[in-house]
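Scroll down for the structure; my scribbles are underneath it.
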Amino acid sequence: MEQLSALHRLTEAVRNAGADIAPTYQEYIQLAFAITTDCGEAGRQDFLTLCSFSPKYDPRAADKLFSNALKNGHNNVHIGTAFHLAEVCGIKVQSEIPHGWGTLGTQSSHSSSASHTRTREEDVSAHEEENLLDSSPLSPLPTFDEHTHWPYPLERIVSYGTSRAQCDVLLLGTVTVLGASMGRHVRCAYGGKMISPCLQTFITALPASGKGVLSLVRLLVEPLHDEIRKQVAESMASYRREKAKYETLGKERAKTEPPVIPPNKMFLISGNNTGTGILQNLMDSDGTGLICENEADTISTAIGSEYGHWSDTMRKAFDHDGLSYNRRTDREYREVKKSYLAVLLSGTPAQVKPLIPSAENGLFSRQVFYYMPAIHYWQNQFDRNDNNLEEIFTALGMEWKEKQKAIVMNGLFTLRLTDGQKEEFNRLFSSLFVRSGLTNGDEMSSSVARLAINICRIMEVVAMLRALEHEEIADSPNVSPDPNTAPDNLKDHIVSLWNLIITPDDFHAVLSLAESLYRHTTHILSFLPATEVTSRGNADRDALVQCMEKKFTRAEFIKKAEEIGIKPGTASTWLKRLQKHGLVESVDGNGTYQKP
């Protein structure tokens, strides 16, 4: 093949020069498209060799990129692009590029140095980007405020993180599992419904990012699960004894009710399950449970074709709706009136889509997302004072078991925000809602609406933990009997309904999470197939706008963009779109803008 022979000569020339001909993302992608279009699988080794001179070279990632380019590549990008990239680096191959195979489908012309560097939005669809590119945003996503003083045990648990992102993940993971164990015993009025602290949290993590700490968080609630399973084992043993007696009755069995098999209760529901299996587990456990998996593909592989069941269950559980199913084999109908399912998952960016195939199906907007960047430097693993974190978290789990029992014994706690807190809450989310709608359309607007619910849920957990810092919950200044409690009950200290308040510091600490979680969710949105969103630049664009002053010039905007790795042409296009959507306004028509 003439094109393949030319590619071999090009590769040899680049090898001799030791040049990095694809130093940026755009050139890296275009090189893959150019070779796969004209040389197919036969060009794989040449592509890997050409990429190997980059300091960022990752053979596995490059191999995967080439495979995806074979499947999803642009047929209008040809081998001439590879020759052009080499020529830009000063490498001229002593042979003609095969006639008709120019850059980006043009005849063999190198007159335009920009012909091979079109923006991501023009050259790569969102679907292809999800498969082909490094998932990191150009500018780092925000982390939570490291100076926040969280209630016990959150403060202690967060301290075991070795990076800001790992601290954040420990915080979100702990809030999720502890909130799940509070279940129906803690609530807050929102949107005309009572919502409990049952979160659905998805930690998206690159390899070697430190997400393994989530396995420690699970230990916090294993004692609760173990106690429930112990009770189930005792009930099953009793059932078997009764069943054996029943079987010996002979004709008398007709006059005796057979023993009923006890429900198979649990708190931790296995992710290696089916949609129907999850429903059954929830039915047996009165609608309460937690799915906690370190690898999201455990669930996506297990549920397989039953995805619809999984999606429906998750959407209903978010709103504490009832769940039901009918077994055709024995015509058994089962239901629970309220569901309190929480989920804590982690996985790579590639594992998001198998579980949440589209931003439109409702699961996306219900998740609390956090994106963990990869760690690019070696971390000393001997600086933890030889602590056995598994033992520490297991001990914390035993402590929590007693605390959770105290919550259950005391009754029902309802979080009540003050009028000032409600006003501040509405002000923040009103601004975020408008901003998200202008930037990303309805996909992110629904996420912001449900992020508000999840922030309320986090407030419930934090407020309850703060109250538990007192030896007796009733002694906490953050807890008071419901005003409708009968005087005689108050006199006898028989109170089952409590009002719960959140301190101003805790309120602001939780509310401050909203901006960061919004930005992380915006970035995760780029991993899903495009609907209204057509580019992956949303998180980067948002970050760029947020770091600008209230009033700025076009030159300042372009300069700041270049500092975080955004090309001037792309930044200029973004500025026009931002102005069109009302996210920035022109002040004088001469290049000065302001944020409205």
Output the residue which, of all residues in region 473-482 that are under 15 Å from Thr414 (Cβ atoms) and in a loop (DSSP other than H, G, I, E, B), is farthest from the chain's Cα centre (by Cα). Asp482
Assuming Leu428 fulfils every condition listed in (1) touching a residue at least 24 places away in the same chain (Cβ under 8 Å); (2) part of a helix (DSSP H, G or I); (3) farther than 30 Å from Leu575 by Cα apart from one, which condition is it? (3)
Show the residue pairs that are 6+ apart or on different chains and have beta-carbon atoms under 8 Å apart, the first residue being within region 304-328 and under 12 Å from Leu341 (Cβ atoms) and among the hydroxyl-bearing types (Ser, Thr, Tyr), the second being at pLDDT below 90 and assigned to a helix (DSSP H, G or I). Thr313/Gly275; Thr313/Ile278; Thr313/Leu279
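Which of the following residues is surrounded by 15 or more Cβ atoms within 10 Å (Cβ to Cβ), modelled with pLDDT of 80 or more, part of a helix (DSSP H, G or I) and not hydrophobic (A, V, I, L, M, F, W, C): Gln30, Gln26?
Of Gln30, Gln26, the one residue that is surrounded by 15 or more Cβ atoms within 10 Å (Cβ to Cβ), modelled with pLDDT of 80 or more, part of a helix (DSSP H, G or I) and not hydrophobic (A, V, I, L, M, F, W, C) is Gln30.
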List pairs: first in region 266-278 and assigned to a loop (DSSP other than H, G, I, E, B), second among the basic types (Lys, Arg), Cβ under 7 Å, 6+ apart or cross-chain? Met266/Arg229
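Could you tell me which residue of region 448-493 is farthest from Pro153 (Cα to Cα), considering only residues that are of a type in the set (Lys, Arg) and surrounded by 11 or more Cβ atoms within 10 Å (Cβ to Cβ)?
Once the filter is applied, the top-ranked residue is Arg450.
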Across region 495-516, which residue is farthest from Gly411 (Cα to Cα) among those that are in a loop (DSSP other than H, G, I, E, B) and touching a helix residue (DSSP H, G or I) at 6+ places or on another chain (Cβ under 8 Å)? Thr503
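For region 162-207, which residues satisfy the criterion of being among the β-branched types (Val, Ile, Thr) and over 20 Å from Val343 (Cβ atoms)?
Thr162
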What is the one condition in (1) farther than 20 Å from Val343 by Cβ; (2) exposed (fewer than 14 other Cβ atoms within 10 Å of the Cβ) that Val232 does not satisfy? (2)
So which pairs qualify, if the first residue must be in region 147-167 and without any contact (Cβ under 8 Å) to a residue 60 or more places away in the chain, the second must be of a type in the set (Ser, Thr, Tyr) and surrounded by 15 or more Cβ atoms within 10 Å (Cβ to Cβ), the Cβ gap must be under 6 Å, and the two must be at least 6 apart or on different chains? Arg164/Thr143
How many residues, within region 566-594, are under 22 Å from Pro140 (Cα atoms) and either among the aliphatic types (A, V, I, L, M) or surrounded by 13 or more Cβ atoms within 10 Å (Cβ to Cβ) (or both)? 11
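Kindly indicate which of Ala514, Ala555, Ala539, Ala543 is farther than 30 Å from Tyr152 by Cβ and at pLDDT 85 or above.
Ala555
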Residues in region 483-492: is at least one in contact with a helix residue (DSSP H, G or I) (Cβ under 9 Å, 6 or more places away or on another chain) and either assigned to a helix (DSSP H, G or I) or within 23 Å of Ala342 (Cα to Cα) (or both)? no
Exactly one of Gly589, Gly582, Gly565, Gly569 is over 30 Å from the mean Cα position of the chain (by Cα) and part of a loop (DSSP other than H, G, I, E, B), and that residue is Gly589
Being buried (at least 18 other Cβ atoms within 10 Å of the Cβ) and either at pLDDT 95 or above or over 16 Å from Phe369 (Cα atoms) (or both) is the requirement here; does Asp168 meet it? yes
Report yes if Ser365 is modelled with pLDDT of 80 or more, more than 27 Å from Pro262 (Cβ to Cβ) and either surrounded by 15 or more Cβ atoms within 10 Å (Cβ to Cβ) or acidic (Asp, Glu) (or both), otherwise no. yes
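The values are calculated or read from the model by the stated rules, or taken from the named source; none is laboratory data. As the structure is a computational prediction, the values presented were derived from the model and not from experiment. Neighbour counts run over all protein chains shown; Cβ positions are idealised from the backbone, glycine included.
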